[in-house]
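Computed from the coordinates by the stated procedures, all read-outs in this text should not be read as laboratory data. Remember, it's a predicted structure, so these values are computed and weren't measured experimentally. Here the Cβ is made from the backbone with ideal geometry for all residues, glycine too, and neighbour counts use every protein chain on show.
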Amino acid sequence: MAEFKKADSMLEWFDQRLGVVNFAKVMMTEYWIPKNINFLWAMGVLLTVLFTFLLVSGIFLLMYYKPDAAMAFDSVNYTIMQEVAYGWLFRHIHAVGASVVFLVIYIHMFTGIYYGSYKKGREMIWISGMLLFVLFSAEGFSGYMLPWGQMSYWAAYVITEIFGGIPVIGDELVVWIRGNFYVADSTLTRFFMLHVLLIPLAILGAIVFHFYSLRFPHVNNEDGEFFDFDEEAEKYLAGNKKESKVVPFWPVFLSKDFFVLGFFMLFFFYLVFFHYSFAMDPINFDKADGLKTPAHIYPEWYFLWSYEVLRGWFFEIAGISGKDLGLMAFGFANIIFVLLPWLDRSPMVKPANQRPYFKYWFWLMMADLMVLTEFGKLPPTGPNAWVGFWASLVFLVLFIALPFITKAEAKKVEGK
Amino acid sequence: MMDESRRGFIGKAFGAVAAVGGIASLIAMKKTWDPLPSVMSAGFTTVDVSGLEANKLEVVVWRGKPVFILKYTADMKPTDGRSVKIGENYFSVMIGLCTHLGCIPGYEGDKKLFKCACHGGEYSADGKQTFGPPPRPLDIPPFKLDGVTLVLGEEGPEYKKMTAKA
Amino acid sequence: MKEFKILAVIMALVGITYYGIEPYAHSVMHPEVAPADFSFKDLKNVDTKLAGNVENGKVLVEANCIACHAIEKAGHPAVMPNADAAASYGVVPPDLSQAGRIYDKNYLANFIFDPVSAMHLQHKYSPESGKAFPMPSYNWMTPQEIMDVVAYLQSIAPKVAEGKDAHKATFEAACGRCHSMKYAGIEAATPVDTIKTYMGATPPDLSQYIKSRGEHYLHSFINDPQLLLKGTSMPRVGLSEKAQEEVIAYMEEIGDSKKAERESLGVWVLLYTFIFAILAYLWKRKIWSEVH
């Protein structure tokens, strides 16, 4: 090892030991992002900030929360909400944040689909993103159980019951997951562990992985244009900032993100203080009671579309019961987005509106997801059940048809 | 040559031992999540029905749910697919949650019916809905007969016969 | 301009979805019911226009009511401890000190005439049920006599009730014989086992009802439970509009005690965030002027 010179400054002292100057360049000032982007490119930073909010508010809630079926409800609704100074604020931020984080995840995800940012080298970005979606879903579901209200209890009951549909091991699997024959104290304590430790650890790891996966294929841009990042970076460093197609992560890219973040926070805090009941269902302010089913049981809004895919199949087809069909459709819906890079057979990386066939597919899918979400909440009776069935079927057909649609699109574009 | 194959063998052996340890740990972790013995034993409620009084409702707790056991009097007719013959007597064995919204109905012995206080639903003594909002009869839990003992949580032949009929 | 278009599309999609899963879905699951009626127009057995005679009312009350009811305010203590009273009647009979204030005049008069029809509990105390409400009907009294009783009860009742303590007193008189309020340390006056037998189910603890039911629901529900929960054994209690407002105010003071803090802090945080956003925008403009 070379001998150390005496450092002239604190920066140099750290640089000698940790290489901070180079690190800052790699991570910040010479990490290149395309210039041709709109505010949808700020969703990643928004999600990072929201996750930080959730982590910090969660830490404060953790200090007063009691993971015990007899004490959980009052520890949340009395101790935290009414006694702890600003405990209510942390809970509101945590609950609203958990709901809004899914809104931003969906915007982030559909932005990726719209601009084709999941293919031609960007597959790992997409897969790690979908991994984060799954982890956030598990985090949301496990966390929703903790206040031990009626909706916590019955949503947990209904969702864990779904696993009972798996052939052969189903019934035992449900009991194994719950640690009891019904949702009980054992279920609460194990989901508590998952919510505060295991899943957050996995999320942190997956976030790092997601960021890392951006490094080689680089961030996409508004036109799906491929260019040489090194060349553009050189232009920028040489002072041709206006000509260069890239900007550094810090300060240029982040300054735009902070601006978007500022206005997003206005919306977020409005919800936190004045309009929170969409994320804190009134029914959940009744304590969990295994002997009293609420009139309507529904999951949080971000699970409604896949819940409706499950529920849409309510009658027997070809000897297979509606329940099994629903379970199959549900399984399909939950893995199909991951496979998107391989279902899209067109090599085009362009915004959807510039793709002759894909644009119809994209907007149809969006409309179908909205219909599924809406009817996932409504009681599944009469015509609602049929709308659910058709919307669920359309969802399956859309994804099965995607390879053919995109193949045809590729041919058409080539033929031009 | 010798050296390399030995290294190959040791490498494989090391890998195998590590894998065994890993699998063993996974099994232990899986078992940690299993329901506890106390939970398992509570999952099978055993009731001796020989001492029950006719037309007086017995409520036992099974898997967190109330289960109604009602011994019929001589003049109460058994219902095919709903009444259970234990020894010489007929019984109703049902999960005591109203099929409307899950309240616990009460039994009114003089009128031989179950009445739900929440929304006024009524069931006959064999658990069929007779009035109000309940959409279906009271559910029958899986049970097994062992002489005069009723074991809730196991599917015996009598239970299978009943569900096949229903 | 393009960014505004994108924003508009996103806001439209989010707005439509939100409308569907929140206001619309909830209107389907919880249909609107008839508005609360605080004059209890359906009760017509007693002509409430008759002016009551307080002196005669006092005599009638002392002859007919205090065998079961306490009237602490007028020097009639409870006949026996709560647990014994509950065991005898099924539920603790109310102390009538506040009756003249918290109950609507028309309701009170008609309740005395026929309690079960005033409470909308005909389904529970039907002739077939064999059950009888512990208080008999005083339909043998003349309307004038009933109005005398009402006038007396109104004369002894406190006139004003403001602030948390008064709200609490109203809540205890109106709800506290059956319902507990754990977060306020209030336990139902009737012991829990007794009330369970009397009502058919344990009346819920009301600590969080301002959150779980909300003001809007409570406003209709307390006025007439049968409208929203048909078949329930909870009686229509006949609170006057003002007394009901006090009850709901108390439920909010206990169940949502940080509401004022939340709303005032909310304004400051939004103001701060607005300044943050403006500065972020100005900074962004400066930085990007170099690259565009």
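Before moving on, here are some points about what is shown:
- Averaging the Cα positions of each part gives two centres, and for the stretch A:41-70 and the stretch C:192-246 these lie 36 Å apart.
- The stretch C:48-79 and the stretch A:94-151 have their alpha-carbon centroids 66 Å apart.
- Gaussian network model of chain C, Cα within-10 Å springs - most flexible of C:Y138, C:Y107, C:Y19: C:Y19
- When you filter the GluC sites (Glu not before Pro) in the stretch C:249-292 for DSSP loop state and at most 15 other Cβ atoms inside 10 Å of their Cβ, you are left with C:E290.
- FRET efficiency for B:F131 and A:E83, using Cβ-Cβ distance with R0 set to 35 Å, rounded to 0.05: 0.15
- Residue among C:F171, C:F276, C:F38 with the largest mean-square fluctuation in a Gaussian network model of chain C, springs linking Cα atoms under 10 Å: C:F276
- Taking A:H92, C:H216, A:H218, C:H123 and counting other C-beta atoms within 10 Å, the order from fewest to most: C:H216, C:H123, A:H218, A:H92
- For residues of A:104-115, the mean tally of beta carbons on other chains within 10 Å: 1
- Computed lengthening from C:H216 to C:M1, 0.36 nm per intervening residue step minus Cα-Cα distance: 73.2 nm
- Inverse of mean 1/r across different Cα pairs in the stretch C:143-292, Kirkwood, Å: 19.0 Å
- By other beta-carbon atoms within 10 Å, ranking A:Y212, A:Y157 with the fewest at the front produces A:Y212, A:Y157.
- Annotation for A:T48 and C:K196: the two label points, set 7 Å from Cα along the Cα-Cβ direction, are 5.6 nm apart.
- For the pair A:L291 and A:V20, a Förster radius of 56 Å applied to the C-beta separation gives a FRET efficiency near 0.40, rounded to the nearest 0.05.
- Adding -39500 (n - 2.57) for every DSSP H run of four residues or longer, then dividing by how many residues the protein assembly as shown holds, sets the calculated 222 nm ellipticity at -16000 deg cm²/dmol.
- Diffusion coefficient of the protein assembly as shown by Stokes-Einstein, Kirkwood radius over Cα pairs, 25 °C, 0.890 mPa s: 76 µm²/s.
- Per residue, the convex hull spanned by the Cα atoms of the stretch B:41-165 measures out at 97 cubic angstrom.
- In plain terms, chain A is cut at each of the GluC sites (Glu not before Pro) found in a DSSP loop with at most 12 other Cβ atoms within 10 Å, and the longest leftover piece is A:4-224.
- Note on chain A: with charges restricted to the Cβ of Lys and Arg (+1) and Asp and Glu (-1), its dipole about the Cα centre is near 780 debye.
- At full extension, A:A401 and A:D223 could sit 61.6 nm farther apart than now, given 0.36 nm per residue minus the alpha carbon distance.
- Distant-in-sequence amide contacts of B:T130, defined by a placed amide H-H separation under 5 Å and a gap of 5 or more residues or a different chain, comprise B:E122, B:Y123, B:S124.
- Sequence of A:T52, A:T187 once ranked by neighbouring C-beta atoms within 10 Å, starting from the fewest: A:T52, A:T187
- A simple spin-label model places pseudo-atoms 7 Å from Cα toward Cβ; at A:M71 and B:A28 they are separated by 2.9 nm.
- Within 10 Å of each Cβ in C:21-32, the average number of Cβ atoms from other chains: 4
- Once the chain from C:L271 to C:Y19 is taken as fully extended at 0.36 nm per residue, the excess over their C-alpha distance is 88.0 nm.
- About its Cα centre, the dipole of the stretch A:199-303 is roughly 380 debye, where the only charges are +1 on Lys and Arg Cβ and -1 on Asp and Glu Cβ.
- With the simple model of a label 7 Å out from the Cα in the direction of the Cβ, B:K56 to C:E187 spans 3.0 nm.
- The percentage of C-alpha pairs in chain C whose separation is greater than 25 Å is 58%.
- Estimated FRET transfer efficiency (B:F14, A:V158; beta-carbon r; R0 45 Å; 0.05): 0.45
- Residue mean of other protein chain beta carbons inside 10 Å, C:7-16: 3
- Residue list for the stretch C:156-181, given a label point 7 angstrom along the Cα-to-Cβ vector of C:L229 and an amide N cut-off under 13 Å: C:178-180
- P(r) histogram, all alpha-carbon pairs of the stretch C:18-102 included - 10 Å bins from 0, percent: 13, 27, 23, 17, 13, 7, 0
- The residue among A:P251, C:A161, B:L26 whose Cα reaches farthest toward the positive pole of the charge dipole of the protein assembly as shown, with charges on the beta-carbon of Lys, Arg, Asp and Glu, is A:P251.
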